[in-house]
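S.K.: Dumping the structure here so I can ask a few things about it.
What follows is calculated from the coordinates using simple rules that are stated; it is not laboratory data. Note that this is a predicted model, so its numbers are computed, not measured. Cβ: placed from backbone, ideal geometry, glycine included. Neighbour counts: every protein chain shown.
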Amino acid sequence: MKTRSTLNALIGVWFIIAPWVLGFSDQSGALWSSVVIGLIQLILSFWASSETGWNSWKNWITVLTGAWFVILPFVYSLSSGETWTSVILGLVTILFSLWNVGSKQSN
C-alpha cells in the first residue's frame, strides 16, 4: 500500500513540474491547475499511505485528482504529448487510489 501511495505522490511531483518540462507554463490556467492539483495529490498521497478501505477520504480525493488530470488536457487544449502524459498518469493515479480504497485495513 505504501508503494502505491508513494508512486501517486511521485506522480503529484511530476504534475507540479510538468508545465515547465512539457512547455505549457505559458498557459496560466493549465499551469496553476497542474501545480495546485499536483500539490494536493502529493500531500494527500503521503498522508494516506497508512490508510486503506472505503472510509479513507484521502484516497478518494486522490481518485479525484487523477480524474482531473485525465480531463485537464482537454479543458486547456494541450498538445498531443502533454495529453497522453496527463491521461496515462491520471489513470495510474486513479488505479492506485482505488486499489488502496479496496484494500483491507492492516492492523
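S.K.: Taking the options Phe15, Phe74, Phe69, Phe46, name whichever one is more than 18 Å from Phe96 (Cβ to Cβ), of a type in the set (Phe, Trp, Tyr) and out of contact with any Cys (no Cβ under 6 Å at 6 or more places or on another chain).
M.R.: On the way: Phe15 fails: more than 18 Å from Phe96 (Cβ to Cβ); Phe69 fails: more than 18 Å from Phe96 (Cβ to Cβ); Phe46 fails: more than 18 Å from Phe96 (Cβ to Cβ).
That would be Phe74, the only listed residue that is more than 18 Å from Phe96 (Cβ to Cβ), of a type in the set (Phe, Trp, Tyr) and out of contact with any Cys (no Cβ under 6 Å at 6 or more places or on another chain).
S.K.: For the stretch 18-43, how many residues are in contact (Cβ under 8 Å) with a residue 40 or more places away in the chain and under 19 Å from Asn100 (Cα atoms)?
M.R.: The number of residues fulfilling the criteria is 1.
S.K.: Can you tell me which residue among Ile37, Ile43 is in contact with a helix residue (DSSP H, G or I) (Cβ under 6 Å, 6 or more places away or on another chain) and within 15 Å of Thr93 (Cα to Cα)? Show your work before the answer.
M.R.: Values: Ile43 fails: in contact with a helix residue (DSSP H, G or I) (Cβ under 6 Å, 6 or more places away or on another chain).
Unique residue meeting the criteria: Ile37.
S.K.: Are there any pairs with C-beta distances below 6 angstrom linking a residue in the stretch 83-98 that is within 20 Å of Asn55 (Cβ to Cβ) to a residue that is not hydrophobic (A, V, I, L, M, F, W, C), with the two at least 6 apart or on different chains, and if so which?
M.R.: Pairs that qualify, where the first residue is within 20 Å of Asn55 (Cβ to Cβ) and the partner is not hydrophobic (A, V, I, L, M, F, W, C), are Thr93/Asn8; Thr93/Gly66; Ile94/Gly66; Phe96/Arg4; Phe96/Asn8; Ser97/Asn59; Ser97/Thr62.
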